[in-house]
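Report on the following structure.
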Amino acid sequence: MGTTDRNLHADVLVIGFGKGGKTVAATMGRLGKHVVLVERSERMYGGTCPNVGCVPTKALVHHSRKRRPEDVAQEWYERSVSEVQTLTKMFRGGNYDGLNGMDTVTVITGTAAFTDPHTVSVESGDGRLTITAETILINTGSEPIVLDIPGLRASQYTVTSTELIDTTILPGRLAIIGGGYLGLEFASIYGQFGSQVTVLEAAPKIFGLVDDDVAAVAEGILVDEGIEIVVGAHVTEVRDGETSATVVYEKDGRQHTLEADAILAATGRAPATGGLALEAAEVRTTERGAVEVDEHLRTSQPHIFALGDVNGGPQFTYISLDDSRIVLDQLIGEGKRSTADRVAIPHTVFITPPLATVGLTEAQARAAGHRVKIASQPVAEIIAMPRAYIVEDTRGVMKFVIDAQTDEILGAALLSVDAQELINTVALAIRHGIRAAELRDAVYTHPTSTEAFNDVLATIVRADT
């Protein structure tokens, strides 16, 4: 990949070390293409997932649940964070070595900005580098949103999720602004570590993407674990004190205050496009700041693609991975894969037990005109699921939404042990048209969580007539 006067030419340039981009980089490198990958932070080799997202947060879920009553909360938390950091460091090194160790791939740590549609200028520790490429992938991910609430951004007690999991001091009182899935996952984690957690959510309810009956069970689990959830709460101000902050919020027309040692801003993530100078490449963005793409993930410049969170799609690592398949199909395949091919994409919120969903809710199915039948059962009543008793967690509920005429599975919500695994089986069944009766009558190994389907799908608790 010859260099002259700090100039570099590549067949493929990837900006950002996320899941989608690194997968394309590795594949193209193995095919003998000259690939350059630019990542602005050495702490983000591998992308969000192994460094500040799914790997460390789910590792903290695991560590928080291992704490015994006799373990000192601060000591246990500090040790857990240290072990998680060791884990993420290992993943980070593996990601870097896996790519940079290829003869055809070069990883550069620096900040990239477009100067024209085929050229990027990179500021690194070694100075400025100019890179030209035939194909360019934007894979810069997303970053936490901190709302413009008076005092919130300036507060010394405000943290993002990235910052919170990196601190070794367990907050005694943690206020979480935002009761979405991110906020609720962190509420569950830090509540188990020993923090006094209060979630402030502006919407009238939490778990708004599932049916009310499932949401009620999930909320009950969090409340039973000591987490305070305040819905309809509009935060109006944050005031710093000497040792803590005061969070001011309004609810039902009255003003309330909450003292906190840390405030987690958990109100979503925005595409990370700052500093890329997309206008120089004539790459358009959406009203929400995401890179605008078509169904093949091409931007307004046909040779530039955008993968992962930065393109405004669902913010999941597995979606970024599927983005890489679409792009690779454009570069070296038949060019037929598109985002329209995605059917029955599952999602899990990692409270304990996890809440995993796929497809339509009951409300959505009815609104779409389906005649439905519902199979729903509390986990504690599922006789064919001894695994829940084995691991000593029978909390939760399983619910299936089924078309009453065709027996087609329209959707499911699984709040149970192993739900993050079970939901993949349900999603596969939906994608391939496997009917509820087939899933009900299948032979599963024992004792496992999957065999719960035998019982749950045998019980239709109500059906439309």
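The values are calculated or read from the model by the stated rules, or taken from the named source; none is laboratory data. Predicted model, so just to flag it, every value in this text is computed and none were measured. All Cβ positions, even for glycine, are placed from backbone atoms using ideal geometry, and neighbour counts span all protein chains on display. For accessibility, only protein heavy atoms count, side chains too; no ligands or nucleic acids. Shrake-Rupley method; radii C 1.70, N 1.55, O 1.52, S 1.80 Å.
Quick notes on this one:
- With R₀ set to 51 Å, the beta-carbon distance separating Thr130 from Val343 gives a calculated FRET efficiency near 0.75.
- Whole-percent carbon and sulfur share, accessible surface of the stretch 82-175, 1.4 Å: 51
- Gyration tensor (alpha-carbon) shape descriptor, the stretch 316-375, a/c threshold 1.5: oblate
- Contact order relative to length of the stretch 307-418, as percent, for alpha carbon pairs under 8 angstrom and 6 or more apart: 23
- To the nearest ten degrees, helix 19-30 and the longest principal axis of the Cα atoms of the chain are 50 degrees apart.
- Database remark: amide H of Thr285 closer than 5 angstrom to the amide H of Glu292 (H placed geometrically; neighbours at sequence offset of 5 or more, or on other chains; Pro and chain starts carry no H).
- Using the Karplus relation 6.51 cos²θ - 1.76 cosθ + 1.60 with θ = phi - 60°, the per-residue 3J(HN,Hα) values for the stretch 420-432 come to 5, 8, 4, 5, 5, 5, 5, 4, 5, 5, 5, 5, 9 Hz, with x marking Gly and Pro.
- Accessible-area composition of the stretch 375-465, carbon plus sulfur, in percent [1.4 Å probe]: 51
- In the stretch 1-149, the convex hull through the Cα atoms has an average projected area of 11.7 nm², a quarter of its surface area.
- Charge context of Gln196, other residues only, Cβ under 13 angstrom, K/R +1, D/E -1: -3
- Packing-based ranking, highest mean first, of 417-430, 203-216 given that Cβ atoms within 10 Å are counted: 417-430, 203-216
- Only one residue of Ile332, Leu147, Ala245 has its Cα farthest out toward the positive end of the dipole of the chain, where Lys and Arg carry +1 and Asp and Glu -1 on Cβ, and that residue is Ile332.
- Rolling a 1.4 angstrom probe over the stretch 234-368 with all protein chains present gives an accessible area of which 47% lies on carbon and sulfur atoms.
- Ranking Met28, Met90 by solvent-accessible area of protein heavy atoms (1.4 Å probe, all protein chains present), from largest to smallest, gives Met90, Met28.
- Once the Cα atoms are used to define both axes, helix 317-332 deviates from the longest principal axis of the chain by about 40 degrees.
- When only the Cβ of Lys, Arg, Asp and Glu is charged (+1, +1, -1, -1), the dipole of the stretch 55-112 relative to its Cα centre reaches about 240 debye.
- Cα long-axis angle, helix 181-193 against the chain (0 to 90 degrees, to the nearest 10): 70
- Close amide-amide hydrogen proximity is noted between Gln196 and Arg173, Leu174, each under 5 Å apart and 5 or more residues distant or on a separate chain (H modeled in the peptide plane; Pro and chain starts excluded).
- Here the Karplus curve 6.51 cos²θ - 1.76 cosθ + 1.60, taken at θ = phi - 60°, turns the phi angles of the stretch 364-376 into couplings of 5, 5, 5, 4, 7, x, 6, 7, 10, 10, 10, 10, 8 Hz, with x standing for Gly and Pro.
- Ranked by the mean number of other Cβ atoms within 10 Å per residue, highest first, peptides 105-115, 374-384 order as 105-115, 374-384.
- Karplus-based coupling profile of the stretch 57-69, in residue order and whole Hz: 5, 6, 5, 5, 4, 4, 5, 5, 7, 8, 5, 8, x, with θ = phi - 60° in 6.51 cos²θ - 1.76 cosθ + 1.60 and x standing for Gly or Pro.
- The chain - Kirkwood radius from inverse mean 1/r over Cα pairs (Å): 24.1
- Placing +1 on the Cβ of every Lys and Arg and -1 on the Cβ of every Asp and Glu, with nothing else charged, gives the chain a dipole about its Cα centre of roughly 540 debye.
- Qualifying trypsin sites (Lys or Arg not before Pro) for the stretch 277-346 [loop in DSSP, other Cβ within 10 Å: at most 15]: Arg284, Arg288, Lys336, Arg342
- Spin-label pair Ala437-Glu42: with each label point 7 Å from Cα along the Cα-Cβ axis, the two points sit 6.3 nm from one another.
- Accessible area of the chain divided out per residue, in Å², using a probe of 1.4 angstrom: 45
- Taking every DSSP beta bridge that has both ends in the chain, the antiparallel portion is near 60%.
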